[in-house]
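Okay, so here's the structure we're looking at.
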Amino acid sequence: MRQVSKRVNPWTWCGLLVAALLVATLAPVSGAPAAPSPGGVLKVAIVAQPSILDPTKSISGISRVVLENVVDRLVRLDEKLKIQPELAVSWRTVSPTEYVFTLRRGVKFHDGTDFNARAVKAYFDHILDRRRNSPRLSNFTQVRDVHAVDDYTVRFLLSAPFAPFLTQLSEWGYMISATQLARSPETLAEKPAGTGPYRIDRWVRDDHVRLVRHRDYWEKGLPYLDEIVFQVIPEGTVRVTNLRTGQVHAADSIPARDVQTMKDDPKFKWTVVSSPGYRSFYLNTAAAPFGDRRLRQAFAHAVDREVLVKTVAFGFGVPAYGPIAPSHWAYARHFQPYKGSDPQKARALLAEAGRPNGFPFSVKMANNPEELRLVQAVQEQLRQVGMDLRIDAGEYVAKRSEVLRGAYDAFYAGFLGGPDPDSNTYDSFHSRGSFNWVKYNSPEVDRLLDAARTELVQEKRRQLYRLVEEILARDSPMIFIKFPYYETDGHVVLASVQDLVPIPQQRLLLKQVWLRK
């Protein structure tokens, strides 16, 4: 049989060649970074529910994890703790007591109203009004007045030089709708209207907070995700299980014992952040038993912080002897007023205070297994000198409410801190500090903290903070245990989570994050 030869039209060959070239040109280069893929829902496990989402009243680190993605500020801190523009495109220092900011144009709040100088003034007028009792007031005590020069220029007048002014703006200068502030301030508690990349859609108490994309966000092309769901999962083992099974994509904290295995697992990525926060026992200095300084000092001398970090915390973090963290420029590395524990000194102080056989006291705290293990270890150390620590654990916000009423002996909790030493000291230990839950009142500490705020030479500020820490070690209104605020200093995410930039203070800024399909 004769075989028939099939000839291909030359024009067909040309077409095939062009198509192949196009495929080769458009195909991604091997090893090149993938382009962000928009859409999807990111699920983040958080250790507790927010207390309140009103930026003018929030006192919770968990609230800030959510608010970071809902509200913007005039300026922000980058991952290297440098001040960067955000809603202010530029600013100038006219004098040590006058700052002028030029604002970004074309920015919309989630309620559709415009961001402008009047909104900036409305926010600061709100928090500086003492009748509102905002915890943000102590962050801006030097702000005397705010003027809207025109729609996009705002002037801050200070009563004195304020060294951490820009840093405080980057921390607490949240911008929210002036219309919402004026007409329905009560709605701020659950749905503040910010200018951030996401807006709050729904908050289901004790379960989750759902954010959805702000479609009029001022940074073009961002955010990438459709939704973010912050899922409340108090127990560390459950957070880890949810990560391993893919039920959540990220967690704000995981138990220290699980860190290494998750680092070694290619399914996960670990990001390290430099956190200025700490964990401590707050002591009620306005009531018995800890109204007696000698009993507070006995507590301080009975605790072995090095042992707690090495054993209970699996070596993560460092012992804390004061509020100023290793990430601060004012940190004194060799400041160790209590080396290990000194049971003999603790017993002598108890005897001097008329309590030679020790005394019982209650510690309120969150019902968190990881934190319970540390407090139980402290409980055993105190038992060696006769101090009987009794644990009163429950839902964190409820326990903290009791503390705010002054109905407590001691409270084990964390303080998120801030990038400037002022954040870790003034709020908690100045007699007018918004977070002075220990009821501490020292005219000398007040004077030093006021001086540190108005001193513009960093080395002189460092010396002032060193004196503050020495007095706090003597008075022991708070028993510092360890840095950082969370059990571990970092975030763990699934490998599919792309472009998560670590931000100090364990905050999760998610506008640039996308999910690899």
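Values for this structure:
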item: Breaking point among (1) among the polar types (S, T, N, Q); (2) under 22 Å from Leu456 (Cα atoms); (3) surrounded by fewer than 16 Cβ atoms within 10 Å (Cβ to Cβ), for Ser170; result: (3)
item: Pick from the range 82-116, criterion of a type in the set (A, V, I, L, M) and in contact with a Ser or Thr (Cβ under 8 Å, 6 or more places away or on another chain), ranking: nearest to Lys220 (Cα to Cα); result: Val107
item: Selection status of Phe415, under 15 Å from Ala320 (Cβ atoms) and buried (at least 16 other Cβ atoms within 10 Å of the Cβ); result: yes
item: Filtered residues of the range 394-412 (kept if acidic (Asp, Glu) and not in a helix (DSSP H, G or I)); result: Glu395, Asp409
item: Residue match in the range 386-393 (condition: aliphatic (A, V, I, L, M), part of a loop (DSSP other than H, G, I, E, B) and either modelled with pLDDT of 95 or more or closer than 30 Å to Gln458 by Cα (or both)); result: yes
item: Condition check for Ser428: more than 21 Å from Leu81 (Cβ to Cβ), among the hydroxyl-bearing types (Ser, Thr, Tyr), buried (at least 16 other Cβ atoms within 10 Å of the Cβ) and at pLDDT 95 or above; result: no
item: Top-ranked residue in the range 422-462 [being of a type in the set (S, T, N, Q) and assigned to a helix (DSSP H, G or I); ranked as farthest from Phe480 (Cα to Cα)]; result: Thr454
item: Residue, nearest to Gly418 (Cα to Cα), within the range 277-319, restricted to residues that are among the aliphatic types (A, V, I, L, M) and in a helix (DSSP H, G or I); result: Val309
item: Members of the range 176-203 that are assigned to a strand (DSSP E or B) and touching a residue at least 12 places away in the same chain (Cβ under 8 Å); result: Tyr198, Arg199, Ile200, Asp201, Trp203
item: Subset of the range 34-77 (residues that are among the hydroxyl-bearing types (Ser, Thr, Tyr), within 13 Å of His208 (Cα to Cα) and in contact with a Leu (Cβ under 9 Å, 6 or more places away or on another chain)); result: Ser63
item: Matching residues, the range 157-175, being assigned to a loop (DSSP other than H, G, I, E, B) and at pLDDT 95 or above; result: Ser159, Ala160, Pro161, Phe162, Ala163, Pro164
item: The range 113-132, residues that are touching a residue at least 24 places away in the same chain (Cβ under 8 Å), in a loop (DSSP other than H, G, I, E, B) and surrounded by fewer than 18 Cβ atoms within 10 Å (Cβ to Cβ); result: Thr113
item: Strands (runs of 3 or more DSSP E) (entirely within the range 62-112) containing at least 1 residues that are of a type in the set (A, V, I, L, M) and more than 26 Å from the chain's Cα centre (by Cα); result: 88-95, 98-103
item: Residue that is in contact (Cβ under 8 Å) with a residue 24 or more places away in the chain, among the basic types (Lys, Arg) and farther than 27 Å from Pro276 by Cβ, where the choices are Arg347, Arg373; result: Arg347
item: Search result, residues across the range 363-392 that are out of contact with any Ser or Thr (no Cβ under 9 Å at 6 or more places or on another chain) and surrounded by fewer than 14 Cβ atoms within 10 Å (Cβ to Cβ); result: Gln376, Glu380, Arg383, Asp388
item: Qualifying residues in the range 405-428 (those that are under 16 Å from Phe290 (Cα atoms) and among the hydrophobic types (A, V, I, L, M, F, W, C)) - the one farthest from the chain's Cα centre (by Cα); result: Ala407
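Here is a yes/no grid of residues against (1) over 27 Å from Arg294 (Cα atoms); (2) surrounded by 23 or more Cβ atoms within 10 Å (Cβ to Cβ); (3) modelled with pLDDT of 95 or more; (4) out of contact with any Leu (no Cβ under 8 Å at 6 or more places or on another chain):
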site	(1), (2), (3), (4)
Lys439	no, no, yes, yes
Asp446	no, no, yes, yes
Ala451	yes, no, yes, no
Gln458	yes, no, yes, yes
Arg461	yes, no, yes, yes
Ala473	no, no, yes, yes
Ile481	no, yes, yes, no
Pro484	yes, yes, no, yes
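Conditions tested, residue by residue: (1) in a loop (DSSP other than H, G, I, E, B); (2) closer than 30 Å to Met175 by Cα; (3) in contact with a helix residue (DSSP H, G or I) (Cβ under 6 Å, 6 or more places away or on another chain).
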{"site": "Val212", "(1), (2), (3)": "no, yes, no"}
{"site": "Tyr217", "(1), (2), (3)": "yes, yes, no"}
{"site": "Lys220", "(1), (2), (3)": "yes, yes, no"}
{"site": "Ile228", "(1), (2), (3)": "no, yes, no"}
{"site": "Val240", "(1), (2), (3)": "no, no, yes"}
{"site": "Leu243", "(1), (2), (3)": "no, no, no"}
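The values are calculated or read from the model by the stated rules, or taken from the named source; none is laboratory data. None of these values were measured; they are calculated from a predicted model. Every residue, glycine as well, gets a Cβ built from its backbone with ideal geometry; the counts of neighbours run over all protein chains shown.
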